[in-house]
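Below: the structure, in structure tokens.
Values in this text are rule-based calculations from the coordinates and carry no lab data. Note that the structure is predicted; figures quoted are calculated from it, not measured. So basically every Cβ, Gly included, is an ideal-geometry build from the backbone, and we count neighbours across all protein chains shown.
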Amino acid sequence: MKLAEALQERADLNRNIEQLKSRVNNNVLVQEGEAPAEDPAKLKKELDSSYKRMMWLVTHINLTNCRTEIDGHTLTELIAKRDVLTQKIAACKEVVNNASQKVYRARGSEIKILSTIDVSAWQSEIDRLSKELRLLDNRLQESNWLTDLIE
């Protein structure tokens, strides 16, 4: 199995677990004399099986990410870099958005609000970081499809 396939299965399992939890919760209480639409015990068994598979997948995905290297960096390091870049871009965009707000004055005697940063420079930084993030994500995606999951 390729790493990308394991990642897709993990995503599917996450969705399935959420659905199973909802189905169990929808069937734990019934009106006296009524039967649940689905057997909670059977659903619990399915949920337990899904959690067991999830544990196996996460363990092997993490092992693979720790042991697989691209250009001298493990996938774990590159994933961390991607996550930090994503957060940094979001923070910079928020700052640029706030600094770009137009404050209109009704009269010339009102307080004038000015930006304290060079919005253009910050935007250039966002563009540079976004490109770096795209290239990094492409490398990770390619690696996911070329790397065998360590089992």
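Sorting HIS73, HIS60 by the number of Cβ atoms found within 10 Å of their own Cβ, with the fewest placed first, yields HIS73, HIS60.
Would you work out if region 1-67 is rounded, prolate or oblate? Take a ≥ b ≥ c from the square roots of the eigenvalues of the alpha-carbon gyration tensor; rounded if a/c is under 1.5, else prolate when a/b is larger than b/c, oblate otherwise.
Values: a/c = 4.53, a/b = 3.53, b/c = 1.28.
Taking the square roots of the gyration eigenvalues as a ≥ b ≥ c, region 1-67 is prolate.
Projecting the Cα positions of LEU43, GLN123, THR147 onto the charge dipole of the chain (unit charges on Cβ atoms of Lys, Arg, Asp and Glu, taken about the Cα centre) puts GLN123 furthest along the positive direction. The charge dipole of region 1-67, taken about its Cα centre with unit charges on the Cβ atoms of Lys, Arg (+1), Asp and Glu (-1) only, comes to about 440 debye.
Dipole size in debye (nearest 20) for the chain around its Cα centre, Lys and Arg Cβ +1, Asp and Glu Cβ -1? Walk me through the intermediate numbers first.
Values: 23 positive and 24 negative charges, 135 e Å.
The calculation lands at about 640 debye.
Annotation for region 25-122: trypsin sites (Lys or Arg not before Pro) lying in DSSP loop with at most 12 further Cβ atoms inside 10 Å of their Cβ are LYS102, ARG105, ARG107, LYS112. Over the chain, all Cα pairs binned in 5 Å intervals from 0 give whole-percent P(r) values of 2, 8, 12, 11, 10, 9, 9, 9, 8, 7, 6, 5, 3, 1, 0, 0, listed from short to long.
At R0 = 30 Å, how high is the FRET efficiency between ASP127 and THR76 if r is their beta carbon distance? Nearest 0.05 is fine.
0.65
Roughly speaking, what is the stretch gain from LEU135 to THR59, that is 0.36 nm per residue apart minus the C-alpha to C-alpha distance, in nm to one decimal? Can you show the working numbers first?
Numbers: separation 76, 0.36 × 76 = 27.36 nm, distance 2.68 nm.
Length difference between fully extended and current span is 24.7 nm.
How much length is gained on full extension from ALA35 to ILE113, taking 0.36 nm per residue of separation minus their Cα-Cα distance?
On the way: separation 78, 0.36 × 78 = 28.08 nm, distance 6.58 nm.
Difference between extended and current length: 21.5 nm.
Distance from the C-alpha centroid of region 124-148 to that of region 35-108: 15 Å, rounded to the whole angstrom.
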